[in-house]
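One structure is given here, and the rest of the page talks about it.
Every number here is computed from the coordinates shown, using simple stated rules; none is lab data. The model shown is predicted, which means the values in this text are computed figures rather than measured ones. For neighbour counting, all protein chains shown are included, and Cβ atoms are generated from backbone atoms with ideal geometry for every residue, glycine included.
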Amino acid sequence: MTSVTSSTPVLTPAGRRDSRAARRAPGRPRTARYALWFVAPFVVLFVGVYVAPICYAIYQSLFRIERDPLGLTPPTEVLDPLFNYAAVLQDAAFVASLGRVLLFGAVQVPLMLGFALALALLIDSASARGKGFFRLASFAPYAVPTVVSALMWSFLYSPTNSPINRLLEPAGITVDFLGADLTLWSVANVVTWGWTGYNMIIIYAALQGIPGEVLEAARLDGASPWRTAWHVKVPLVRPAILLTAVFSIIGSAQLYNEPFVLSSSTGTIGPQYTPLMAAQSSITAANYPYAAAQSVVLALGVAVLSVLFFRLTSRRSS
Amino acid sequence: MSAAAPALADAGARPDGAAPGAPAGGGPRRAVRPRRDTVESTVGSRVLVTGVLVLTSVYFLLPLWWLLVAATKDAGHTFAGSPLWFSHFDLFGNIADLFAYKGGIFALWLGNAGLYSIVGAGVGTLVAAATGYAVAKYEFPGRRTLFAVVLGAVLVPKVLFTLPLFLMFSQVGIVNTYLAVLLPSIVSPFGVYLARIFAASSVPDEVIEAARLDGANEGRIFFRVSLRMMSPALVTIFLFQFVEIWNNFLLPSQVLIDEQLKPVTVGLVSWNALVQSGQIERHMVLVGAFVAVVPLIVAFLSLQRFWRSGLATGAVK
């Protein structure tokens with residue numbers, strides 16, 4: 001303890017006045033040592049639960065399970081680096097789940113973000129009253145665990161006694177929410193319901209950050225509220241919109257909770273409905289190397305998609 | 001993924017992304033700007049805008065209202081009467097049934113969820129605060145790399161690694177223990193990211209230097225001075241992590257086997273899977289879903305100011 005105390009006052013009085021320069025100055029080994037203590041717990045845990053699983057998954061995916069056709073000896077694992085990856089790419093159910101999630105994301109993400117952006121602009125507009133209430137109302141679903149909101153919607157979608165259909169009865173409409181045609185979009189609705197408010201708040205906060213002078217200038221130039229919204233506000237909050245887009249794309253790729261919960265209520269959602277569900281069912285089947293390969297392929301897919309998205313959007317802006 | 005970094009990193013550069021509740025003047029607050037409300041709006045546009053907003057809030061709130069109403073109806077009448085209005089009121093009987101079912105397992109699940117969320121978010125917030133503080137206030141080898149990795153991890157969902165994590169945990173033999181849920185829950189790259197911003201904006205270098213001159217060591221400065229100055233921000237980080245852990249499903253459903261260890265989300269879904277085969281009343285699941293939502297809604301409503309500033313600072317500024 002004493003040694004620690006004596007070694008701390010490393011700054012000269014001059015350094016105190018110019019602390020910023022002093023902090024940037026290279027070669028302050030003493031504080032560097034303390035900093036390592038501060039970051040150590042995080043780094044250790046991060047390596048343990050982020051880095052190690054990735055490495056372990058990659059390692060596992062390189063093995064092939066060899067089963068004795070007669071089942072007389074326990075299965076053995078044989079190194080065969082490409083075996084699982086080749087199998088994954090030829091796995092019709094897995095490829096179909098990838099396609100399903102791509103379709104889901106391509107439709108749901110733009111719809112949800114358009115909705116969120118419109119809401120944020122409306123709440124931000126001069127014409128809105130009760131802003132606080134509307135912000136809260138759209139954000140409320142975020143407080144509901146996705147599993148619970150999926151349970152709740154599974155009741156609302158119920159093929160036998162859906163309350164929504166009860167309300168639509170007078171109009172003579174019955175919707176088969178969990179029928180083959182609509183299931184994917186019913187799942188999309190659960191996701192949209194849960195996350196629109198979250199994205200709206202992010203975009204809304206960015207709108208609030210637009211300097212008043214900019215809007216005043218637009219008004220003095222005679223721009224209508226609609227023009228101001230589209231040509232001034234939207235371009236200025238573009239970074240926030242891109243951020244929500246990336247989060248939503250990643251979210252679609254890991255779609256799991258909603259379809260999994262709804263699968264108890266309908267036969268139209270199979271055990272390999274999404275890539276993550278497919279990997280999960282490989283685990284259930286005790287084919288760990290294959291599950292690992294599926295996880296790696298999915299993670300790579302997400303990475304490629306994110307990079308592509310950034311490339312596309314940054315090219316357009318430059 | 002690199003391109004997201006600027007969008008995120010901009011956040012740190014803006015001093016007015018001050019911690020919630022921090023005294024105004026922590027940064028060069030924008031010059032008084034004309035209030036948007038003073039911009040004239042016609043009655044027509046006001047009616048149109050408000051009308052659209054009312055419709056959207058119906059979309060967001062009506063399902064929750066239905067859940068509330070349905071949870072108050074007695075077991076035999078879940079779908080009886082109007083879906084949107086009370087009838088056959090028996091909320092307290094329902095709740096009593098829920099907590100009595102199978103020896104009160106539901107209360108245990110709620111308790112587990114609380115334990116995972118409070119311990120995970122509590123330790124996680126402290127770990128994130130220390131890391132964010134070090135990145136903001138110290139120069140050390142690997143500082144930039146560490147922060148770049150944290151930003152990358154914000155963009156890579158943990159869920160993708162849940163399956164490998166399970167495989168690894170089963171090798172180490174901690175599957176089906178509290179630790180299997182807690183360890184991964186503690187690590188929050190987003191928390192580190194927020195903590196760095198908050199430390200940079202709410203702990204002045206001068207205060208740290210003054211404490212050093214007074215002879216305090218770095219650990220003492222952190223715990224006695226800096227942590228206190230960051231405390232409003234820490235509430236935000238805690239809140240986000242709490243919600244994330246409370247809502248988590250895949251991880252606990254994967255690494256836990258014992259009924260006794262499950263959090264409420266996993267428990268409810270396991271009940272729901274038994275409805276089809278008639279082993280449990282649908283109504284029980286519905287009442288359980290309702291009860292599981294209440295604590296979070298209350299927390300959100302009462303702590304609004306924290307999550308709002310957190311989202312604003314973390315994602316935009």
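Over the protein assembly as shown, the reciprocal of the mean inverse Cα-Cα separation, the Kirkwood hydrodynamic radius, stands at 26.6 Å. Measuring against 24 Å, Cα to Cα, the residue pairs B:LYS73/B:LYS102; A:LYS131/B:LYS73; A:LYS233/B:LYS158; B:LYS158/B:LYS262 contain A:LYS131/B:LYS73; A:LYS233/B:LYS158 as the ones spanning a longer distance.
How would you rank B:241-247, B:262-268, B:74-80, highest first, on the average number of other Cβ atoms within 10 Å across their residues? Display every interim value, and only then the final one.
On the way: B:241-247: 22.3, B:262-268: 25.3, B:74-80: 15.4.
Going from most to least packed, we get B:262-268, B:241-247, B:74-80.
Calculated from the alpha-carbon coordinates, segment A:87-230 shows an Rg and a Dmax of 19.9, 64 Å respectively.
Summarising the amide proton neighbourhood of A:PHE63: residues at separation of 5 or more, or on other chains, whose placed amide H is nearer than 5 Å comprise A:ASP80. If you plug the beta carbon distance of B:LEU68 and A:ARG227 into 1/(1 + (r/R0)^6) with R0 = 60 Å, you get a FRET efficiency near 0.90.
Here is the size of segment A:149-303 from its Cα atoms: Rg then Dmax, 21.4, 68 Å.
Comparing mean-square fluctuations of A:PRO69, A:PRO141, A:PRO289 from a GNM of chain A with C-alpha springs under 10 Å, the top value falls on A:PRO69. Placing unit charges on the Cβ atoms only, positive for Lys and Arg and negative for Asp and Glu, gives the protein assembly as shown a dipole magnitude near 2460 debye about its Cα centre. Looking at A:ALA253, A:GLY179, A:ALA205, which one has the Cα that reaches farthest to the positive end of the dipole of segment A:87-317 (charges on Cβ: Lys, Arg +1; Asp, Glu -1)? Projecting each Cα onto the dipole axis, the largest value belongs to A:ALA205.
If you count, for every residue in A:115-124, the Cβ atoms of partner chains within 10 Å of its Cβ, what is the mean? Mind dumping the intermediate values first?
Values: counts 2, 0, 0, 2, 5, 0, 1, 6, 3, 1.
The shielding value for this peptide is 2.
Relative to the current alpha-carbon distance between A:GLN208 and A:ILE173, full extension at 0.36 nm per residue lengthens the span by 8.4 nm.
So, by mean Cβ neighbours within 10 angstrom, what's the order for A:41-52, A:183-194 with the highest one leading?
Numbers: A:41-52: 17.8, A:183-194: 21.7.
The peptides rank, most packed first, as A:183-194, A:41-52.
For B:LYS73, nonlocal amide neighbours, meaning residues 5 or more places apart or on other chains whose placed amide H falls under 5 Å from its own, are B:ASP90. Amide H contacts for A:GLU77 (H built 1.01 Å from N in the peptide plane; partners 5 or more residues away or on another chain; cut-off under 5 Å): A:GLU66.
When Cβ neighbours within 10 Å are restricted to other protein chains, what is their mean count per residue of peptide A:177-188?
Numbers: counts 0, 0, 0, 0, 0, 0, 0, 0, 0, 0, 0, 0.
Whole-number average of other-chain Cβ neighbours for A:177-188 is 0.
Any idea what diffusion coefficient chain A gets from Stokes-Einstein, in µm²/s, Kirkwood Rh on alpha carbon pairs, 10 °C, 1.306 mPa s? Approximately 65 µm²/s, per Stokes-Einstein. Across segment B:259-276, coupling constants 3J(HN,Hα) worked out from phi with the 6.51/-1.76/1.60 Karplus curve, θ = phi - 60°, read 4, 5, 9, 5, x, 5, 4, 5, x, 4, 5, 5, 5, 4, 5, 8, 5, 4 Hz, and Gly and Pro carry x.
Explain nothing, just the number: dipole magnitude of segment B:100-315 about its Cα centre with +1 on each Lys and Arg Cβ and -1 on each Asp and Glu Cβ, in debye rounded to the nearest 20.
Numbers: 14 positive and 10 negative charges, 36 e Å.
Roughly 180 debye for segment B:100-315.
Estimated from helical segments only, the mean residue ellipticity of the protein assembly as shown at 222 nm is -21000 deg cm²/dmol, where each DSSP H run of four or more residues counts as -39500 (n - 2.57). Taking the charge dipole of the protein assembly as shown about its Cα centre, with +1 at Lys and Arg Cβ atoms and -1 at Asp and Glu Cβ atoms, the residue from B:ASN272, B:ALA136, A:VAL109 reaching farthest to the positive side is B:ALA136.
If packing is taken as the average number of other Cβ atoms within 10 Å across a peptide's residues, how do A:123-131, B:98-106 rank, most packed first?
Details: A:123-131: 18.4, B:98-106: 15.1.
Ranking the peptides A:123-131, B:98-106 by packing returns A:123-131, B:98-106.
Per-residue extension of 0.36 nm, minus the Cα-Cα distance of B:ILE257 and B:ILE118, leaves a gain of 47.9 nm for this segment. FRET efficiency for the A:LEU236 to B:ALA96 pair, using the beta carbon distance and R₀ = 60 Å, is estimated at 0.65. In order along segment A:184-197, the phi-based Karplus estimate (6.51 cos²θ - 1.76 cosθ + 1.60, θ = phi - 60°) of 3J(HN,Hα) comes to 4, 7, 5, 5, 4, 5, 4, 5, 4, 4, x, 10, 4, x Hz; Gly and Pro are listed as x. Using the Cβ-Cβ distance between B:ARG143 and B:SER170 with R0 set to 30 Å, the FRET efficiency works out to roughly 0.30. Modelled spin labels at B:SER270 and B:VAL43, positioned 7 Å past Cα toward Cβ, are 6.1 nm from each other.
3J(HN,Hα) along segment B:98-108: 4, 7, 8, 4, 6, x, x, 4, 5, 4, 5 Hz, from the Karplus curve 6.51 cos²θ - 1.76 cosθ + 1.60 with θ = phi - 60°, whole Hz, x for Gly and Pro. Counting Cβ atoms of other protein chains within 10 Å of each Cβ in A:150-159 and taking the mean gives 6. Magnitude of the charge dipole for segment A:87-317, about its Cα centre and with charges confined to Cβ atoms of Lys, Arg (+1) and Asp, Glu (-1), is about 540 debye.
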